[in-house]
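Participant: Once you've had a glance at the structure underneath, I'll fire off some questions.
The values are calculated or read from the model by the stated rules, or taken from the named source; none is laboratory data. Keep in mind that what you see is a predicted model, and the values were worked out from it rather than measured. Methodologically, a virtual Cβ is constructed for each residue, glycine included, from the backbone with ideal geometry; neighbour enumeration extends over all protein chains shown.
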């Protein structure tokens, strides 16, 4: 076999002895010990929620309660639930996954084209309805930036795809920095961009191009009243089905934005302040 063949055989033997794996993603690869790999992980709908419970998981790392809520503060559901088990916490710190669900589209498939830019109220309602997420700006209570603006991304819905209300609903946790901000100052601004959809890409509009419409809704964030909870749940879960599986230990609850101002830029030459009555009487379809 020769000296070269012997060296190759020895190197192959060392690789087998280490009993490891090589994970590759794009142009990057890294070695992982077999002890660090979750083999044959069951990601079925029944198991997925267990991977998202409190503990050392991703949600806990992202929003530690000690940094967000004061000792005297209480979440809408009471005290936050502690870890339900170290085994689940260790698993969720390495594995954060769930089965994606298909969301129904409006009749006819994709959303209809946007209204004419001259119809500002309809354009605002169109953007509010067909946007699945937006950028919420609050006044921060975090120590290092207290009193300064703080932006965060939220999944939103103004109703099921076939029932637009113009009222923006949220599904939030007290462990979120933005929710902590709202306890101190409930006023916020929510911004959408038409760049989220396909229209601006098809027209080759830059997101900052005035013809790629942007909408900012400013108002007061309030908790949804009991009589409105059923509709808020339908609005959010029909558009974001995975939310129904998020960990109950994080005390999720529903909020909505009570509007004070509707600001729109959808063309060159200036912006529009849309009267609330015009906004709510318009339809996005």
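Participant: Report the residue count in the stretch 276-285 for those that are touching a strand residue (DSSP E or B) at 6+ places or on another chain (Cβ under 9 Å) and in contact (Cβ under 8 Å) with a residue 40 or more places away in the chain.
Facilitator: Total satisfying the criteria: 3.
Participant: Only one residue in 229, 264, 259 is touching a strand residue (DSSP E or B) at 6+ places or on another chain (Cβ under 7 Å), closer than 16 Å to residue 130 by Cβ and not in a loop (DSSP other than H, G, I, E, B). Which one?
Facilitator: On inspection, the qualifying residue turns out to be 264.
Participant: For the list (1) crowded, with 16+ Cβ neighbours inside 10 Å; (2) within 19 Å of residue 188 (Cα to Cα), I need the number of the one condition that residue 247 fails.
Facilitator: Evaluating residue 247 over (1) crowded, with 16+ Cβ neighbours inside 10 Å; (2) within 19 Å of residue 188 (Cα to Cα) leaves (2) as the failure.
Participant: Within the stretch 187-209, track down each residue that is under 19 Å from residue 253 (Cα atoms) and buried (at least 17 other Cβ atoms within 10 Å of the Cβ).
Facilitator: Scanning the stretch 187-209 gives 188, 190.
Participant: Among the strands (runs of 3 or more DSSP E) lying completely within the stretch 135-205, list those that include at least 2 residues that are modelled with pLDDT of 95 or more and over 14 Å from the mean Cα position of the chain (by Cα).
Facilitator: 149-155, 187-193
Participant: What is the residue count in the stretch 161-186 for residues that are surrounded by fewer than 18 Cβ atoms within 10 Å (Cβ to Cβ) and in contact with a strand residue (DSSP E or B) (Cβ under 6 Å, 6 or more places away or on another chain)?
Facilitator: 2
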